[in-house]
Amino acid sequence: QVQLVESGGGLVQPGGSLRLSCAASGSIFSISTMGWYRQAPGKQRELVAHITSGGSVNYADSVKGRFTISRDNAKNTVYLQMNSLKPEDTAVYYCNDRTFGGWGQGTQVTVSS
């Protein structure tokens, strides 16, 4: 059973940065495609970024140039570095194993002055 645990969320001012982490267990992490999603109040969950086992990445247009997804297979962890944060980035951010399935519990990111 895949288990995913996110951390790193919080309150940040516009223009600030945060780094989210997602620690995985119960899967063969090194061959998983991993994704970060977010869900804002009253909106559908949307894909933010994903990274394949080979390191290929893809981003939503709204975060291109500001967010960076990366992975450390030795630590079974995927990261999301978020820079130049905007109020519209406020959401609960979820980690997903797109290969083996499974979702984390989510971590709240709030961008506000």
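The values are calculated or read from the model by the stated rules, or taken from the named source; none is laboratory data. Please read these numbers as outputs of a predicted model, since none were measured by experiment. Cβ coordinates were reconstructed from backbone atoms using ideal geometry, including for glycine residues, and neighbour counts include every protein chain displayed. Areas reflect the complete protein model, heavy atoms only, side chains present, ligands, DNA and RNA absent. Shrake-Rupley method; radii C 1.70, N 1.55, O 1.52, S 1.80 Å.
Near Lys75, which aspartates and glutamates are there with a Cα under 18 Å away, not counting those fewer than 8 places off in the same chain?
Straight-line reach from Lys75, under 18 Å: Glu6, Asp97.
If you count the DSSP beta bridges with both ends in the chain, what percent of them are antiparallel, to the nearest 5?
In the chain, approximately 90 percent of DSSP beta bridges are antiparallel ones.
Using a 1.4 Å probe on the protein chains only, how many percent of the accessible area of the chain belongs to carbon and sulfur?
Ligands and nucleic acids excluded, carbon and sulfur reach 46 percent.
At 0.36 nm per residue, minus the direct Cα-Cα distance, what do Thr110 and Asn73 gain on full extension? Give it in nm, one decimal, please.
Stretched fully, the Thr110-Asn73 segment lengthens by 10.5 nm.
What number comes out for accessible area per residue over segment 38-113 if the probe is 1.4 Å? Units Å², please.
52 Å²
Spin-label point model (7 Å from Cα, Cβ direction): what's the Arg98 to Ser62 distance in nm?
1.8 nm
Please tell me the relative contact order of segment 22-61 in percent, rounded to the nearest whole number, where contacts are Cα pairs under 8 Å and at least six residues apart.
Here the relative contact order equals 32 percent.
Determine the relative contact order of the chain: mean sequence separation of Cα pairs under 8 Å and six or more apart, normalised by residue count, in whole percent.
38 percent
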